[in-house]
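Here, each number is a calculation from the coordinates, and none is a lab measurement. What you see is a predicted model; the values in this text were computed from it and never measured. No Cβ is skipped: glycine too gets one built from the backbone with ideal geometry, and neighbour counts run over all protein chains shown.
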Amino acid sequence: MNFMKLTNDIYLIDGLPIAYIKSISAIAISDLHLGYEGIAAKAGVYAPKSNLKKIKEMVGDALGKTGASTIIVTGDIKNEFSSVDIDEYSEMLEFVKFAKRKNTRLILIKGNHDNFVDRYKTLFDIEIFAQEMQKGKYLFFHGEEMPKSISKRVKGNNISEKVEMLIMGHEHPAISLISRIRRKEKLKCFLFGEYRGKQLLVLPAINYLMQGTDINLEPKSRLLSPILKKADINRFRAIAVGYGETLDFGRILDLR
């Protein structure tokens, strides 16, 4: 089996931190942090450049299995907070060219690491949205702040009735499993639950070198995303990705 059916419209591709949304012919990915190794090297930390290669392999695999026509990046396509490093620029350009070779449309919802990306919008010929984008019955956003369409509810406005699911990144969710001999195994995971009556899907980081936040070990107060601090995180399901498989580990509460 190549897919795990999450809803009637969303499928998780076995072993990949990628969601496929059938009705809009799109795959959703998050937190690429391109340029990661080059920037780390400038700080004196050296690692082989493998992240972009792995991302292209995973995305290429997903596109081959789904036939999706669109790639939606829910934030943090690059790594640095300030400016655009030369390593980030070259890797972003390479990823854009890769997407075009696959005949796919590339959409970026800006994250907190994506400062100054707008200046390349025309050059790269990609669609860029600030913080959030609604497509069909889905609201895509990064997650370091509450989407405006949700925050407005405080003033009396509801989330658009057309939106049935919120899809975000930012948190880099993972779960850690500890054996009887105290050996710790960390696996990236999707989080799937609800917020204010809407389904909420949190994507794991596709960055190959970033493992993420131990959702089942960290207290709620230490989570990065304000929406997850407001949601009942214990009721969310953790769907882990690793070793070529995608496995539903059940509720966070039961994994604590």
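A few points about this structure:
- DSSP beta bridges in the chain [antiparallel fraction, %, rounded to 5]: 60
- Since only ALA41, PHE116, SER225 are under comparison, the one whose Cα sits farthest along the positive direction of the charge dipole of the chain, derived from C-beta charges on Lys, Arg, Asp and Glu, is SER225.
- Checking (i) 16.0; (ii) 14.3; (iii) 12.9 against mean projected area of the Cα convex hull in nm² calculated from these atoms, the matching label is (ii).
- Subset of LYS56/LYS102; LYS42/LYS184; LYS135/LYS198; LYS148/LYS230; LYS184/LYS220; LYS5/LYS100 violating a 19 Å alpha-carbon distance limit: LYS42/LYS184; LYS184/LYS220; LYS5/LYS100
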